[in-house]
């Protein structure tokens, strides 16, 4: 039974990762392309030039393909919460419910109402009303992302809540603490700005194909001018928010940072590893034997993490074994405290069954922040609740190679795309882009690279949170439901088939529409 | 006579068109009727929603804690959390 449960949890993890990865193939283009379409239509509104109307309509057609095929793919994730992750779903209480409900009611309806005006209303409503509808569609799409990311950020940094022992739910005590937590603000800005960059790269890549083919040159060059400037601005914004993310992760998820850097031994003036090749897991015990080779920038990790070149950055070994001098608790001690918290939960459970109200009240006081013993218990024990389920302190370490390489793919690709946007903008402005055929090909090939960077970013965020479903409070293997592994495995392959079919349909329709090109073009 | 009938019909139509729900209906009706690429996208969308909500939701994704009160859900999840110790 235990083996089947573990298999079920592993299949559920694989299924969730598959669904989220496929879902994220559709989302970033929707977020960014909606804004680019709105900017193009704004040009039409300002100048009255029909060229911009045709250009906006063409990109809106590609936006519609991506939107129609991608919409509702995220609903499957919500089904999985109820079935595969029922313990987790109950444990998160209304923290997830509130943002997701707002997302459904406000953002989705805003988006879908004005989506119709955007596509059906060209000759039927005024230009100003149509432009407003396009902007509201773009704002609605991005607001949808906000609420989902707020919910996700709470899993990384659970704030603004209290735990109700009777219902085993985290109740929201401050909506604003959840909404405005530094993790939520930064996650939203980084996700949205990087999605804008992805959409800019998509527009640049498709336009480059037209330039290579010698078709729709004016539309291609104008689209490139807008997209490259847009991409450059938002790649800088993504770099800035990414840097902020690093500083926040250093404070709220130090193990994630240490794993991203494969930093085993904490130190002052810690260097940032630009690139390196890791040794196999069993050979990595300290910084001396972690890498075959590496290239470092001295002091940079300390500077980026704590805004101080000499600051101390804890390593994996410090976080696992503890470092008294630096005030870092050993994981073994956290496990002990977590077990104590679970014991109290068990006492309460038994007391409820036997009707022992004295014990129930005693435990309830421990879980009540307003009592002196509650304040101490919640701070010293319940804060490490999830550690009570770990079998060994090393279980608190996420997959180091996955994080290390995914982080470098994200940053490397992001840096490359920033330079690409700048170079393309400059060459296009000087009317020299058409002659750089190799660069046009690079622009086309950069489309999959932007998707790779986007996926790598999510791998860093989510794989770096492991072993936790909710940071420090609930490990993934406890969050799962007691269900058989076979149905989860079957649905995994069903999803694989469904999403692959959708992706193939998307790519096929997009390619056909790109070949057709903009309508009513007189070029 | 024919001209008068036409004028009356047009006036009635215009009055109808001025009513907001009718205008909204007309907006969507014409929009869907004039779609070209949109028809393919709607077909994909409807097939996808059928697969998600009918096949997957009903056959494979019953909510494990559905239909239970908050207390009952708490009871079940608490015993699960304790069981994993």
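The values are calculated or read from the model by the stated rules, or taken from the named source; none is laboratory data. Note that this is a predicted model, so its numbers are computed, not measured. Here Cβ is always computed from backbone atoms with ideal geometry, including for glycine, and neighbour counts include all displayed protein chains.
Of note:
- Checking each residue in region A:497-507 for being surrounded by fewer than 17 Cβ atoms within 10 Å (Cβ to Cβ) and under 13 Å from residue B:56 (Cα atoms) picks out only A:497.
- Residue selected from region A:81-96 under the condition closer than 26 Å to residue A:501 by Cα and not in a loop (DSSP other than H, G, I, E, B), by the criterion farthest from the other protein chains (Cβ to nearest Cβ): A:81
- For region A:396-430, taking the residues that are more than 20 Å from the chain's Cα centre (by Cα) and without any contact (Cβ under 8 Å) to a residue 60 or more places away in the chain, the one that is farthest from residue A:281 (Cα to Cα) is identified as A:430.
- Failed criterion for residue A:230 (all others in (1) on the phi < 0 side of the Ramachandran plot; (2) surrounded by fewer than 18 Cβ atoms within 10 Å (Cβ to Cβ) hold): (2)
- Consider region A:56-80 and keep the residues that are modelled with pLDDT of 85 or more and more than 9 Å from chain B (Cβ to nearest Cβ). The one that is farthest from residue A:501 (Cα to Cα) is A:56.
- Output for region A:398-444, where each listed residue is surrounded by fewer than 20 Cβ atoms within 10 Å (Cβ to Cβ) and assigned to a loop (DSSP other than H, G, I, E, B): A:399, A:430, A:431, A:432, A:434, A:435, A:436
- Lone qualifier among A:201, A:159, A:150, A:178 - being in contact with a helix residue (DSSP H, G or I) (Cβ under 9 Å, 6 or more places away or on another chain), more than 14 Å from every other protein chain (Cβ to nearest Cβ) and farther than 26 Å from residue A:89 by Cβ: A:201
- Unmet criterion (only one of (1) touching a strand residue (DSSP E or B) at 6+ places or on another chain (Cβ under 6 Å); (2) within 30 Å of residue A:441 (Cβ to Cβ)) for residue A:170: (2)
- Flag for residue A:375 being modelled with pLDDT under 95, part of a helix (DSSP H, G or I) and more than 14 Å from every other protein chain (Cβ to nearest Cβ): yes
- Residue match in region A:151-168 (condition: buried (at least 23 other Cβ atoms within 10 Å of the Cβ) and over 28 Å from residue A:457 (Cβ atoms)): yes
- Residues of region A:368-389 satisfying the condition of being within 13 Å of residue A:343 (Cβ to Cβ) and touching a strand residue (DSSP E or B) at 6+ places or on another chain (Cβ under 6 Å): A:389
- Verdict on residue A:97 being surrounded by fewer than 19 Cβ atoms within 10 Å (Cβ to Cβ), modelled with pLDDT under 85, under 21 Å from the mean Cα position of the chain (by Cα) and closer than 16 Å to residue B:66 by Cα: yes
- Residue check, residue A:111 out of contact with any strand residue (DSSP E or B) (no Cβ under 8 Å at 6 or more places or on another chain) and either crowded, with 22+ Cβ neighbours inside 10 Å or within 30 Å of residue A:494 (Cα to Cα) (or both): yes
- If you go through region B:30-55 and keep only what is farther than 20 Å from residue A:505 by Cα and either touching a residue at least 40 places away in the same chain (Cβ under 8 Å) or not in a helix (DSSP H, G or I) (or both), you end up with just B:34.
- Check on residue A:518, closer than 24 Å to residue A:61 by Cβ, in contact with a helix residue (DSSP H, G or I) (Cβ under 9 Å, 6 or more places away or on another chain) and touching a residue at least 12 places away in the same chain (Cβ under 8 Å): yes
- Verdict on residue A:383 being crowded, with 17+ Cβ neighbours inside 10 Å, away from chain B (no Cβ under 14 Å) and under 33 Å from the mean Cα position of the chain (by Cα): yes
- Residue identified as modelled with pLDDT under 95 and more than 12 Å from the chain's Cα centre (by Cα) among A:201, A:159, A:206, A:150: A:159
- Residue in region A:122-136 that is closer than 29 Å to residue B:54 by Cα and crowded, with 20+ Cβ neighbours inside 10 Å present: no
- Leading residue by the ranking (farthest from the other protein chains (Cβ to nearest Cβ)) among those in region A:476-503 that are in a loop (DSSP other than H, G, I, E, B) and at pLDDT below 85: A:484
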